[in-house]
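First comes the structure, then the notes that go with it.
Each value in this text was obtained by applying a stated rule to the coordinates, not by laboratory testing. Keep in mind it's a predicted model, so treat the numbers as computed, not measured. FYI the Cβ positions are ideal-geometry reconstructions off the backbone, even for glycines, and counts take in every protein chain you see.
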């Protein structure tokens, strides 16, 4: 067994004459030094590149699976869109055009008179509340009649072929057996192509003006 003195007496210039155990130790140290140098000079950057590539692979795989899922459900999405467009078309048909509003106002008036009610107030607003596809016209009304007539009038309004909503309803007793109903009847109409184009132009001009500021 080699002692510390034996190791000190080894000639570093003549390693071939060393015993096997010291030679093995030197080779092991040289191998460790080579591995450390390779890691810091080359392997480290390669390992980082591999790690980045693995992360990209995960992202690409998730993107692929998401696109695949969308492709599988594409037909269902198309059918859903068609159903929405169909439902929107049905609702749109319940809105009168600009030229039909006068007839709708007459229908509301007739619904009350047909139930024997008296209109004390029937006042459409001076201007409409315009949205993207439709315009809302509030009408302030005040009618008098019996409690039964009030209920029948509200039912008749709900059965009109066009959409009319009674809001802000309040009832007061005028005399025995006679009530007065104050309400806002909200009617709607769709915007024609010219009105829609004009509205979009106004919105675009407003956005452009805001962007300049």
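Could you work out the relative contact order of the range 123-213, using alpha carbon pairs under 8 angstrom and six or more residues apart, expressed as a whole percent?
31 percent
May I ask you to derive the FRET efficiency for residue 103 and residue 79 from their Cβ-Cβ distance with R0 = 41 Å, giving the value to the nearest 0.05? Walk me through the intermediate numbers first.
Details: r = 36 Å, r/R0 = 0.89.
For R0 = 41 Å, the calculated efficiency reads 0.65.
Roughly how far apart, in whole Å, are the Cα centres of the range 158-178 and the range 183-213?
The distance from the Cα centre of the range 158-178 to that of the range 183-213 comes to 31 Å.
Taking every pair of alpha-carbon atoms in the range 124-173, give the share separated by more than 16 Å as a whole percent.
That tail contains 53 percent of the Cα-Cα pairs.
Starting from 0.36 nm per residue, how many nanometres of slack lie between residue 154 and residue 60 once their C-alpha separation is accounted for?
Roughly 27.9 nm would be gained on extension.
Taking only Cα atoms of the range 98-196, what ratio of Rg to Rh do you get with Rh as the Kirkwood inverse-distance radius?
1.02
Would you mind computing, in nm to one decimal, how far apart the modelled labels at residue 127 and residue 33 are, each placed 7 Å from Cα along Cα→Cβ?
9.0 nm
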